[in-house]
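This report concerns only the one structure given below.
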Amino acid sequence: YGVKKNINDALGWYSRAGAEGDVNAQYNLAEICLNGTEVKQDIETALKLYTAVYYSKTELSRISATNVGFIYMNYYKDYYQAFKWFLFATDYAKSKDKACNTAYHNLGVLCESGQCPEPELNNISGAISFYEEAANLGYLQSMDALGRLYAGAKQYKESTYWLEKAVSMGYTPSK
C-alpha cells in the first residue's frame, strides 16, 4: 500500500509496544525471533517473550506455552521443561479445544522417543494416550503416529482406523 517493508522498523514498533505490555506485540516479536524472519534467530529472546505472553493469561497463553515447550524440546534438549510447558498448554484449556492439539502431540513425541521425564508415561502406551488426545482434536500427525504405533503392535484394526481417518482429512501417512 505504498509503505516500504522494513523489518527494523517493525522490530522497533513491536519492541516498544511489547515493553508497554502489549501481549500481541510480544507474541509477534517472539515469532520473529524464533523463526529468524529477516533477522538472526534469537532463541533466548523468543523464550523470554513467549514466557511473558503465557503469564499474561490471554488467548495467546496456550500457544505460547506450546512454543516454550517446543523451544525446550528442540533447542535446549531439556525434556523436563518441555514436558512441563506442554502440560501447561493442555491444562490451560480445560475444555480440550483444538488449540492445544500440538502440545498433546509433542507430549506423545516425548513419550515415544523415551524422553518423557515421567517414568510411567515414558513408553508407547504413554505416547498413544497423548497422541489419541491430539488425534481426537483433529491433529493429523497424531493420527498418523497412532496408525504407525498400532501397526507396529500388530493391532491392525486400530491402525487402519487412524490412517484412514487421516487420509480422509487430506493427510498423506508415513510409509
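The values are calculated or read from the model by the stated rules, or taken from the named source; none is laboratory data. Since we're looking at a predicted model, the values are computed, not measured. Cβ: placed from backbone, ideal geometry, glycine included. Neighbour counts: every protein chain shown. To get the accessible areas, we keep the full protein, side chains included, count just its heavy atoms, and leave off ligands, DNA and RNA. Shrake-Rupley method; radii C 1.70, N 1.55, O 1.52, S 1.80 Å.
Values as computed for the structure displayed
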{"item": "Dimensions in Å of segment 43-172 - Rg and Dmax from alpha carbons", "result": "14.9, 46"}
{"item": "Burial order of peptide ranges 135-146, 75-86, 116-127 (average beta-carbon count within 10 Å, highest first)", "result": "135-146, 75-86, 116-127"}
{"item": "Separation in nanometres of the label points that stand 7 Å from Cα toward Cβ, at Ala19 and Ala52", "result": "1.0"}
{"item": "Size of charge dipole - the chain - debye, nearest 20, with Cβ of Lys, Arg +1 and Asp, Glu -1, no other charges", "result": "260"}
{"item": "Kirkwood Rh in Å, taken over segment 6-81 so that all alpha-carbon pairs contribute", "result": "12.3"}
{"item": "Relative contact order, percent, segment 6-124 [alpha-carbon distance under 8 Å, six or more residues apart]", "result": "15"}
{"item": "Accessible area in the full protein assembly, largest first, 1.4 Å probe, for Leu107, Leu47", "result": "Leu47, Leu107"}
